[in-house]
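*Asks:* My questions will all concern the structure given below.
Quick note: the coordinates plus some simple rules give every number you see, no bench work behind them. Owing to the predicted nature of the structure, the values given are computational and were not obtained by experimental measurement. Here Cβ is always computed from backbone atoms with ideal geometry, including for glycine, and neighbour counts include all displayed protein chains.
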Amino acid sequence: MSPREAFRLGFLSRCLDDDLTPAEIAACVDRATKTAAVIETRAKQAGLLGDIVRPLGMAAVALPVAGGAVAGYLAGKSRNEAVDVDDVKREELVREYRRLSRDARDAVRRRMVAAS
């Protein structure tokens, strides 16, 4: 995992842990971007650009990540349908019975072919 990917993962994990809304995530990204810009400017003035700013510049990467997180959050909310647990259990049970029935038919066919 690259440092950029690690930062993205850590940023999104932290946002999820803090139960941030899309607006709050966007605000965090704005703060991080502004902070990175200030640090970069001060580091340029001090001549420390290479050693300090590169790791902190990853904060600017958070903007596309936060955009994706917001889009995913909104897409998830738009498809939020009430799910009846009993219906899901019933469907799983029907699928399992069908699988067992198919397996039993296949076993009978194999025995008939082997006996021939």
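*Asks:* Under 14 Å from the Cβ of Lys89, count the other residues' Cβ atoms, weight Lys and Arg +1, Asp and Glu -1, and hand me the total. Before the final figure, lay out each step's value.
*Replies:* Working: positive: Arg90, Arg95; negative: Asp84, Asp86, Asp87, Glu91, Glu92, Glu96.
In short, -4.
*Asks:* Still on this structure: In whole Hz, what ³J(HN,Hα) sequence does the stretch 12-20 give by Karplus (6.51, -1.76, 1.60; θ = phi - 60°), x for Gly and Pro?
*Replies:* Using θ = phi - 60°, the values come out as 5, 4, 5, 4, 5, 4, 8, 6, 7 Hz.
*Asks:* Taking other Cβ within 10 Å of each residue's Cβ, how do Ser13, Ser2 sort, fewest first?
*Replies:* Going from least to most buried by this count: Ser2, Ser13.
*Asks:* At 0.36 nm per residue, and after removing the present C-alpha to C-alpha distance, how many nm does the segment from Glu5 to Arg95 gain when stretched out fully?
*Replies:* Details: separation 90, 0.36 × 90 = 32.40 nm, distance 3.92 nm.
This chain segment gains 28.5 nm when fully extended.
*Asks:* Give a residue-ordered list of calculated ³J(HN,Hα) values for the stretch 22-33 (Karplus: 6.51 cos²θ - 1.76 cosθ + 1.60, θ = phi - 60°; whole Hz; x for Gly, Pro).
*Replies:* Residue by residue, the stretch 22-33 yields x, 5, 5, 5, 4, 5, 4, 5, 4, 4, 5, 5 Hz.
*Asks:* Give me the one-decimal nm value for the distance between modelled label points at Thr41 and Leu16, 7 Å along each residue's Cα-to-Cβ direction.
*Replies:* So the two model labels end up 3.5 nm from each other.
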